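Structure first, then comments.
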Amino acid sequence: MNPMTIQGNRVAIVEGCRIPFQRSGTGYASLMGWHLGQLAVKGLVARSGISGADVDQVIMGCVATDIATTNVAREIALGAGIPRTVPAYTCTLACVSSNQAITNGAVLIASGQADVVIAGGVETFSDTDIRVSRKYRKFLMDLTLFKRPKTLMDKLRLLKAMRPLDFIMPEPPAIAEYSTGMLMGQNADRLASRLGISREDQDLYAEMSHSRAVTAWETGVLNEEVTPVVVPESGAVLSRDNGPRKDANAAKLSGLRPAFAKGCGTVTAGNSSFLTDGAAAILLMREEKALAMGLTPMGYIRDFFYSAQDPVEELLLGPAFAIPGVLKRAGVPLSEVGVLEIHEAFAAQMLANIQCLESRAFAREHLGHDEAVGAVSMDRLNRHGGSLSLGHPFGATGGRLLSTCCRRMMRENSRFGLVAGCAAGAVGNAILIEQA
């Protein structure tokens, strides 16, 4: 089979670019999300040499959208100098939001509706919206929009129903599943316990992620995909991620307390991804258009697959379901995929997905397959670090994964590469990439 085509249009991945990921509250603390996104898109346009006028559509993923810029993709496009006549929209699918943006763009190109699409994502938690209490919100809405009392007595009647704490107790943001009420970290603890994944193995995996990321920066590998930025107002120059830590070794990580299941848990701040600000952008083009412009594709989107599982028992197992889905559609065995880039939400989640992919019992019970999906070589997986070390800006991680995967495929001379991730709501995604 050929890479993904509708009407004969192959979808080429021409360029990928991201800004340095920063721990929330640090490097980008003074910036809004749209500003981060436009820095990534500007970097992408500069690296590729295309003109904004060549772009047919901009699609960006985002999770915690600022209410002031609800269609943040449009603000990003305008801020990056993309012509105002180019449509732009924002999509959200939790941690695989930019995966959704990228595959939406791929469908537009494959179906002949676009030649050039910029897709990716952005996230900032440095200045996320925090809501006042529900009673206070209702009071304000009644006061200004719905009841709109005219007299002082009418206003006092509204005020009478309020209590002092209603005015001062905000609703803190929580990364929890609405349908289950469980924090994702709590689910990771349950998953580790159910599958027998030890604290030691989680900490060793986290150590590996940090070590690989530190090495990738020291050797300059990540310079290929990261564009330095100058932070407005402060003038600070940021050129690398500030998440990877040389001292994140298993011995030190073992001293951290459980973060979710107090006393008996194995998931800690050290073996979990951290709140991160960042943005990433991918340039997708119809193959003929790219070649006509003298551009060399990094790879082609062969196929993609989305899965949905049980939000309690399978919340973090998206890759274990989506990877076999896309491989089956494409007719490619896992053994032929030389490059794997999988989102690291938690070390426990990564080890659980690896265990499931290698399990014949899991394949029979959950996939309807006679044999296991296949062995996952740690040498092929996240070779330059992952979300545990580089960071995880929810809306942007998929763009980072795809850019890294394509560059690794070229360096390692691999025909197939695969990007995958899990997302809140028990959704999974996998994208299979092929070199020409």
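Below is a table of values for the structure above.
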quantity: Some residue of the range 122-136 being in a helix (DSSP H, G or I), within 28 Å of PRO393 (Cα to Cα), at pLDDT 95 or above and among the acidic types (Asp, Glu); calculated: no
quantity: Selection within the range 50-89 - touching a strand residue (DSSP E or B) at 6+ places or on another chain (Cβ under 7 Å), among the acidic types (Asp, Glu) and part of a helix (DSSP H, G or I); calculated: ASP54
quantity: First in the range 24-37 and under 10 Å from THR69 (Cβ atoms), second anywhere and acidic (Asp, Glu) and surrounded by 22 or more Cβ atoms within 10 Å (Cβ to Cβ), Cβ under 7 Å, 6 or more apart; calculated: GLY33/GLU123; TRP34/GLU75
quantity: Residue tally, condition under 22 Å from PRO170 (Cβ atoms) and charged (D, E, K, R), over the range 136-157; calculated: 3
quantity: Helices (runs of 4 or more DSSP H) completely within the range 268-382 that count 3 or more residues being surrounded by 22 or more Cβ atoms within 10 Å (Cβ to Cβ); calculated: 318-330, 347-357
quantity: Given (1) in a loop (DSSP other than H, G, I, E, B); (2) over 13 Å from the mean Cα position of the chain (by Cα); (3) under 18 Å from ALA94 (Cβ atoms), index of the condition GLY385 fails; calculated: (3)
quantity: Residue check for GLY368: touching a Leu at 6+ places or on another chain (Cβ under 6 Å) and on the phi > 0 side of the Ramachandran plot; calculated: no
quantity: Count of the range 164-203 residues which are basic (Lys, Arg) and surrounded by 13 or more Cβ atoms within 10 Å (Cβ to Cβ); calculated: 2
quantity: Only one of ALA106, ALA110, ALA114, ALA94 that is farther than 30 Å from LEU317 by Cα and at pLDDT 95 or above; calculated: ALA114
quantity: Qualifying positions in the range 32-53 - surrounded by fewer than 20 Cβ atoms within 10 Å (Cβ to Cβ), over 20 Å from CYS406 (Cβ atoms) and not small (Gly, Ala, Ser); calculated: MET32
quantity: Scope the range 90-117; condition over 20 Å from ALA77 (Cβ atoms), of a type in the set (A, V, I, L, M) and part of a loop (DSSP other than H, G, I, E, B); matching residues; calculated: ALA94, VAL96
quantity: Every residue from the range 249-264 that is touching an Asp or Glu at 6+ places or on another chain (Cβ under 6 Å), at pLDDT 95 or above and either in a loop (DSSP other than H, G, I, E, B) or among the β-branched types (Val, Ile, Thr) (or both); calculated: ASN249, SER254
quantity: Single match in VAL427, VAL373, VAL419 (criterion: over 21 Å from GLN202 (Cα atoms), of a type in the set (Val, Ile, Thr) and more than 23 Å from the chain's Cα centre (by Cα)); calculated: VAL373
quantity: Odd one out for LYS150, checked against (1) farther than 30 Å from LEU388 by Cα; (2) assigned to a helix (DSSP H, G or I); calculated: (2)
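The values are calculated or read from the model by the stated rules, or taken from the named source; none is laboratory data. Computed from a prediction, not measured in an experiment: that's the story for all the values here. Glycine also receives a Cβ, built like all others from the backbone with ideal geometry; neighbour counts cover every protein chain displayed.
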